[in-house]
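What follows is one structure encoded as structure tokens, with my remarks underneath.
The values are calculated or read from the model by the stated rules, or taken from the named source; none is laboratory data. Here the structure is a predicted model, which is why all the values come from computation and not from measurement. Glycine also receives a Cβ, built like all others from the backbone with ideal geometry; neighbour counts cover every protein chain displayed. Keep in mind that these areas ignore ligands, DNA and RNA; they rest on the heavy atoms of the full protein, side chains included. Shrake-Rupley method; radii C 1.70, N 1.55, O 1.52, S 1.80 Å.
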Amino acid sequence: MVDSTPPTPTKVAFAVAGEGIEQVELTDPWNAVERAGYQPVLVSVEPGTVQAFNHLDKADTFEVNTTFDAATVAEYAALVLPGGVANPDALRTEPRAVSFVKEFVASGKPVAAICHAAWTLVEAGADAVGQVAGTDEDRPGQRAEGRVPGAGAPQRPGVALVHPGHWGVEPGHEQYGGEQSEDAAEGHLPAGVT
């Protein structure tokens, strides 16, 4: 008998704009996903490279693996939305990216939005139905603006806001929690990403 069950996806999509990605919010979760045995895939608006930043300073560039036009939710086990201020702000203005995120949230698969990446979830309509929950470490300004629910908000399993300290951080990023978190040091992914 032939098993007709589709294979379980082992890829994790990292959705980013062409620039403005906070490098540590891309590289640390990327490494954690690899340590967990998954294949990270960089998905962006255009092929080529994307520009990461260390705050306001240009950092490294990263090769795009696929575009939003070519990617389908079915081929991924989870979605990671790295932050940076400019990255999610640009991403939420790109209809193809917003549609991909919206489909991902609707699929029930795990979604991790790091720091300002919650803006993309808001644009995709995820918080309108109480699907996003945060922690006390999430940006209080976003909660104050009414854009992102705070801790204790109704949550659909699998969608979580992630403070960058949950992934661990590089030295010199004290604003993200200073030292690498215990979970990140042990290779664990944040809530909802298994």
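From largest accessible area down, sort K102, K11; use a 1.4 Å probe on the protein chains.
Details: K102 120, K11 50 Å².
Correct descending sequence by accessible area is K102, K11.
Return the carbon/sulfur percentage of the accessible area of the stretch 9-116, one whole number, probe 1.4 Å, all protein chains in place.
50
Is there a quick way to get the dipole size of the stretch 1-133? I mean about its Cα centre, with the Cβ of Lys and Arg at +1 and of Asp and Glu at -1; what is the value in debye to the nearest 20?
Details: 7 positive and 17 negative charges, 61 e Å.
Around 300 debye, computed over the stretch 1-133.
Sorted by accessible area with a 1.4 angstrom probe, largest first, how do L56, L26 fall? Don't skip to the answer; put the middle values down first.
Numbers: L56 160, L26 5 Å².
These residues rank, largest area first, as L56, L26.
Answer rounded, prolate or oblate for the stretch 1-114, using the Cα gyration tensor with square roots of eigenvalues a ≥ b ≥ c: rounded when a/c is under 1.5, else prolate when a/b is larger than b/c, else oblate.
On the way: a/c = 2.09, a/b = 1.62, b/c = 1.29.
Note, shape of the stretch 1-114 comes out prolate.
How much solvent-accessible surface does L79 expose, in Å² to the nearest 10, with a 1.4 Å probe and all protein chains in place?
0
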